[in-house]
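Notes to accompany the following structure.
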Amino acid sequence: MKWTASPVCRLVALAIAAIVPTALVSRAAVAEPTYAFDRTPGKLPKTVVPLNYTIELVPDLESLALPGVETIDIEVREPTSRLTLNAVNTTFDAASIDGDVQRADVTLDAATETATLSFPEPLAIGAHRLRIRFTARINSFGAGLFSVDYPTATGIKRLLSSQLEPADARRIFPCWDEPAFKASFALTVTVPRHFLAVSNMPITREEPLSADLKRVSFAPTPKMSSYLLLLTTGELERLTAEVDGVTVGVVTTSGKSGQGRYALDNAVGLLSYFNDYFGVKYPLPKLDLIAVPGGIGGAMENWGGITFFESRLLFDPLTASDTARRGIFSILAHEMAHQWFGDLVTMGWWDNLWLNEGFASWMQEKAAEHFYPQWKSWLNGYGQKQFAMTLDARRTSHPIQQVVADQREATAAFDGITYNKGQAFIRMLETYLGEQPFRDGIRRYMAAHAYGNTTTADLWQALESAAGKPVAGIAASFTEQDGVPLILAEARCDGTSQRMTLRQDRFVIAPGPAAAGFSPRHWQVPIAVGAVNATRPADTLLLDGSADIAVGSCGEPIKVNLGDAGYYRVDYGPRSRAALVASLPLMAPEDRLNILADSWALVQAGRAEASSYFALIETINVDDQRAVWDQVIASLTRLNRLALDRPERAALQAYARARLRPLFNRLGWNGSGAGDDDNALLRSRVILALGDLGDDDILAEARRRFASFRQNPQSLPPALRDAVADLVGIGADRETYDALLALARNSTAMNERVRFYDAAASARDATLAHATLALTLTDELPTNIIGGVINTVAAAGEQPDLAWDFVRTNFDALATKLGPSFGDFFIANLMTNFSDDGHAAALKEFAPAQSSSAGRLTAARALETIAIAADFKARALPAIVEWTRRPEVGHP
Ligand SMILES: [Zn+2]
């Protein structure tokens with residue numbers, strides 16, 4: 001599954017929620033055992049396993065009832081008179097076994113989301129056939145089977161789609177809904193005759209039932225986990241291509257398939273690339289990429305039928321920017337990698353979810369480097385690792401491999417640690433083992449476990465045998481314990497040569513005395529170390545404790561974490577740091593960026609003065625790479641946000657504008673417009689940042705360009721549309737606000753709708769912010785963008801309390817509309833817009849955010865975020881005022 005950091009994505013709340021570790025005590029890094037079904041965690045008894053499901057569904061698009069009947073071939077492993085499987089919000093109309101030989105009494109347990117079928121006589125060991133007639137329901141939020149109402153040129157239409165990860169197949173049909181219970185699924189569905197129905201496998205039969213309805217049957221799937229099942233049906237069209245014997249399709253609502261061409265072309269290339277990389281051919285006869293206009297915010301890797309929020313898949317060069325193009329490739333590569341890594345070979349239980357997500361997140365960047373090296377995906381994607389290290393430095397972090405008790409906790413596991421630390425760790429491991437040995441290990445793993453389940457230990461075994469290097473120890477230290485290694489590095493002269501000592505510590509960020517209450521950690525860290533402008537590859541050593549190594553000649557600048565591929569931070573001693581700062585312009589951009597990011601992190605951790613970071617950014621050349629400037633913009637923007645209610649804000653904004661103006665002066669408003677142009681992306685970024693920092697010229701020009709755009713849409717290039725719309729939105733009066741809403745309402749293109757709703761939500765005017773919030777209670781917005789719109793009001797407005805008061809007052813209505821994740825994740829995430837004790841207390845006291853274990857976990861995480869932000873702004877903001885007053889710049 002992929003949840004991207006769009007400003008309007010409900011699931012961002014999940015993506016940035018980290019949970020409290022179940023065990024706070026430090027434990028020795030011990031590698032877990034390889035997979036075995038009987039010792040796999042989970043809630044369901046393993047006495048009975050499903051082999052094949054034959055499911056017939058008759059969804060009612062009007063009443064949203066979902067009646068169905070299923071026949072399940074099961075294997076009874078021990079005699080039993082009770083079968084326990086999963087079901088939620090489902091009525092059992094009848095349940096019997098072996099052709100009505102025995103009928104079952106059914107007991108439902110809403111808390112555990114299970115149904116227990118009790119039979120008068122025990123079932124003997126061996127094969128049996130279970131038949132259940134049931135009625136489930138179609139949801140308005142994106143879980144189980146859900147409905148989406150979307151605007152078209154001929155009015156509002158309704159389609160159905162599904163979202164089952166981690167544990168919502170049980171909302172469609174009773175099943176063994178845990179990933180280790182793999183089975184095959186043969187689906188039949190009754191739909192309107194003018195609908196297209198898409199599932200994991202090709203259609204085998206379509207038969208008319210009446211003037212309006214038809215019954216569509218799909219070929220049975222191979223053995224797979226229940227969370228990978230898919231059904232999408234509606235007024236859809238399909239564009240296809242053939243590659244290596246597989247039909248690749250893009251499925252869209254009517255009239256939009258042409259916008260799927262970009263994704264289709266890339267999917268064709270990716271399928272061949274992955275066939276080769278994994279050494280196992282894609283095993284299904286077809287792969288559909290389905291654009292769904294609501295319900296899900298990111299994408300989901302259902303086997304053979306990947307679903308995407310529409311604007312994450314479709315590309316219209318007239319309205320979408322290069323950022324969108326890169327984003328579509330990235331999410332496509334991520335989900336397609338899951339077709340092997342996740343779908344063909346699946347983690348036994350959610351405690352190993354990181355392996356799925358870490359691997360797919362790593363492969364999305366690796367594939368981008370292969371197909372589009374000019375995008376510099378690792379360099380420009382540097383923020384993903386930074387985000388993980390920020391979360392992982394805190395008390396409420398957790399090991400990427402963590403105990404997951406049940407389905408609610410499984411949902412909480414989809415976070416920045418799981419995705420981004422997982423990605424960063426896999427990258428570090430590949431760099432350490434070497435590209436070819438790593439790939440050979442992946443091929444062995446795929447071949448050995450196809451159609452089965454694994455733990456990470458199975459992967460480490462395959463990698464060790466392919467690479468001939470130890471993996472389990474490194475892996476255990478990064479996956480079975482939380483925390484970020486801090487490498488303390490200092491060089492000294494030894495005659496004319498130079499030596500460097502490397503020592504391990506733990507990098508932590510906490511309010512108050514930094515290290516208090518954190519237990520020490522020990523890692524095996526692959527360290528790349530060498531001269532900053534060396535022509536040969538860096539030396540890699542496996543640091544297990546501390547080391548003292550010979551490095552170059554006396555005074556030569558030596559950098560640790562060369563190439564920025566390692567998951568650790570570095571704090572240099574004064575001698576090494578001075579040499580590095582002096583040679584900053586000579587470094588590869590990855591290394592300059594790494595120094596900047598570590599420096600900013602050390603300031604946040606209280607290990608360095610804020611001035612050390614400000615001094616560094618003043619050395620950055622105006623011609624430097626986008627990623628380097630992006631780091632600078634991100635930190636200045638963060639400070640501006642924290643300064644919202646502080647007297648230092650004016651001085652900070654003046655300083656930040658002065659720093660960024662020369663960059664804007666280089667880029668200007670107009671670029672060549674050529675594709676693959678990092679300058680175009682940086683231009684949009686710096687324009688938005690300067691406008692947000694109150695640069696009047698930028699704001700005036702944005703208004704002028706928006707006025708021209710309203711006369712002639714072609715006058716505003718897609719690359720500038722987000723920035724211009726957002727800046728106009730921030731300062732909008734009623735007339736402009738209405739114009740933004742009209743643009744959103746009159747478009748049937750999802751990227752335009754999201755863009756203009758989000759711009760309207762940025763309005764700082766309180767009356768307009770109220771109007772936006774009121775909109776979230778209507779049926780106008782796709783449900784999956786509602787959380788994002790509320791969050792934009794909170795984040796962009798001068799008064800985040802407006803959004804919080806609104807959510808508090810309307811909690812029940814919003815929770816009904818948006819499903820369980822609203823209470824579990826959204827509230828806590830919303831409160832991280834604040835950085836004061838009063839709002840921390842309000843979150844603690846808000847009962848709905850504390851009513852489930854997932855809610856309590858994310859609330860604890862948010863409370864720590866708030867406390868850290870409060871502490872940091874108290875230190876950093878006075879420091880920046882002092883910095884701007886230093887004698888060499890004169891007094892403003
Ligand atoms: Zn994923």
* Asked: Can you give the FRET efficiency for residue 666 and residue 581, using 1/(1 + (r/R0)^6), R0 = 22 Å, r = Cβ-Cβ distance, to the nearest 0.05?
  -> 0.40
* Note down, for the stretch 456-507, the three equivalent ellipsoid semi-axes (square root of 5 times each alpha carbon gyration tensor eigenvalue), biggest first, whole angstrom. => 32, 17, 5
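Tell me the Kirkwood hydrodynamic radius of the chain in angstroms, computed as one over the mean inverse distance between distinct C-alpha pairs.
One over the average 1/r among Cα pairs gives 28.5 Å for the chain.
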* Structure fact -> PRE zone check, label point 7 Å out along Cα-to-Cβ of residue 836, amide N under 17 Å, scope the stretch 622-651, hits 640-650
* Within the accessible area of the stretch 269-392, what % is carbon and sulfur when the probe is 1.4 Å and the other protein chains stay in place? -> 60
* Counting only protein heavy atoms, what percent of the accessible surface of the stretch 707-776 is carbon or sulfur at a 1.4 Å probe? -> 50
* To do: Give the distance, in whole Å, between the Cα centre of the stretch 314-360 and the Cα centre of the stretch 785-841.
  => 28
* Asked: Looking at the stretch 265-315, what % of the alpha carbon pairs are farther apart than 12 Å?
  -> 66
* Translational D in µm²/s for the stretch 730-886 (Stokes-Einstein at 4 °C, 1.567 mPa s, Kirkwood Rh from C-alpha pairs) -> 78
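Past the 32 Å Cα-Cα mark, which pairs from 281/421; 817/873; 421/873; 46/366; 182/844? Could you put the intermediate results ahead of the total?
Details: 281/421 29 Å; 817/873 36 Å; 421/873 26 Å; 46/366 38 Å; 182/844 41 Å.
Pairs exceeding the cut-off: 817/873; 46/366; 182/844.
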* **Filtered chymotrypsin sites (Phe, Trp or Tyr not before Pro), the stretch 805-887: DSSP coil and at most 16 other beta carbons within 10 Å** => none
* Asked: Averaged per residue, what accessible area in Å² does the stretch 320-407 show with a 1.4 Å probe, protein chains only?
  -> 20
* log₁₀ I(q)/I(0) of the stretch 29-114 at q = 0.14, 0.18, 0.23 Å⁻¹, via Debye over equal Cα point scatterers, no solvent, to two decimals? -> -0.66, -0.99, -1.41
* **For residue 230, residues with placed amide H under 5 Å, excluding near neighbours** => 200
* Rounded to the nearest 0.05, what FRET efficiency is calculated for residue 588 and residue 121 with R0 set to 51 Å and r the Cβ-Cβ distance? -> 0.10
* Asked: How much length, in nm to one decimal, is gained on full extension between residue 240 and residue 522, taken as 0.36 nm per residue of separation minus their Cα-Cα distance?
  -> 96.4 nm
* To do: Mind computing the radius of gyration and Dmax over the alpha-carbon atoms of the stretch 187-270? Å is fine for both.
  => 14.1, 42
* To do: Could you list which residues have their amide H under 5 Å from that of residue 551, counting only those 5 or more apart in sequence or on another chain, with H placed in the peptide plane?
  => 498, 499, 500
* **Computed over the stretch 422-579, Kirkwood Rh from alpha-carbon pairs, angstrom** => 17.2
* To do: Grab the alpha carbons of the stretch 127-238, take their convex hull, and tell me the volume per residue in Å³.
  => 127
* Asked: Around residue 243, what is the net charge, scoring Lys/Arg as +1 and Asp/Glu as -1 over all other residues with Cβ under 14 Å from its Cβ?
  -> -3
* **Distant alpha-carbon pairs in the stretch 198-242 (separation over 12 angstrom), percent** => 72
* the stretch 36-86: GluC sites (Glu not before Pro) in DSSP loop, at most 15 other beta carbons within 10 Å -> 62
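Rounded to the nearest 500, what is the 222 nm mean residue ellipticity of the chain from helices alone, with -39500 (n - 2.57) per DSSP H run of 4+ residues and division by all residues?
Dividing the helical sum by the residues of the chain leaves -12500 deg cm²/dmol.
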* Asked: Per 10 Å bin from zero, what fraction in whole % of the C-alpha pairs of the stretch 584-628 is there, up to the bin with the longest pair?
  -> 28, 55, 17, 0
* **Within-13-Å neighbourhood charge of residue 388 [Cβ basis; K, R +1; D, E -1]** => +1
* Extension gain from residue 75 to residue 696, taking 0.36 nm per residue of separation minus the Cα-Cα distance -> 216.4 nm
* To do: Along each of the three principal axes of the Cα atoms of the stretch 662-781, give the extent in whole Å, ordering the values from largest to smallest.
  => 43, 30, 23
* Cα pair distances of the stretch 757-835 binned at 10 Å [whole percent] -> 20, 59, 21, 0
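Roughly speaking, what is the stretch gain from residue 369 to residue 108, that is 0.36 nm per residue apart minus the C-alpha to C-alpha distance, in nm to one decimal?
88.9 nm
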* Cα→Cβ-extended label distance, 7 Å offset, between residue 149 and residue 89, nm -> 1.7
* Per-residue ³J(HN,Hα) for the stretch 814-820, Karplus 6.51 cos²θ - 1.76 cosθ + 1.60, θ = phi - 60°, Hz, x for Gly and Pro -> 5, 5, 5, 6, 9, x, x
* What fraction of the Cα pairs in the stretch 818-862, stated in percent, has a spacing above 18 angstrom? -> 16
* Along each principal axis, Cα extent of the stretch 65-216, largest first, Å -> 59, 34, 26
* State the volume of the convex hull built on the alpha-carbon positions of the stretch 91-145, expressed per residue in Å³ and rounded to an integer. => 115
* To do: Please give the FRET efficiency for residue 748 paired with residue 435, using the beta carbon to beta carbon distance and R0 = 51 Å, rounded to the nearest 0.05.
  => 0.70
* Karplus-derived 3J(HN,Hα), 6.51/-1.76/1.60, for each residue of the stretch 118-126, Hz, glycine and proline x -> 10, 10, x, 10, x, 8, 6, 4, x
* Got a sec to turn the phi values of the stretch 551-561 into Karplus ³J(HN,Hα) couplings, 6.51 cos²θ - 1.76 cosθ + 1.60 with θ = phi - 60°, whole Hz, x for Gly and Pro? -> 9, x, 9, 4, x, 5, x, 10, 10, 9, 6
* Asked: DSSP loop chymotrypsin sites (Phe, Trp or Tyr not before Pro) in the stretch 416-458 with at most 15 other Cβ atoms within 10 Å of their Cβ, which ones?
  -> 451
* Structure fact -> Cross-link reach from residue 223 to aspartates and glutamates, straight Cα distance under 16 Å and at least 8 residues apart if same chain, gives 73, 75, 177, 178, 301, 343
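The values are calculated or read from the model by the stated rules, or taken from the named source; none is laboratory data. Just so it is clear, the structure is predicted and the values come from calculations on it, not from any experiment. With ideal geometry, Cβ positions are generated from the backbone for all residues, glycine too; neighbour counts draw on all protein chains shown. In case anyone asks, the SASA skips ligands and DNA or RNA and just uses the protein heavy atoms, side chains included. Shrake-Rupley method; radii C 1.70, N 1.55, O 1.52, S 1.80 Å.
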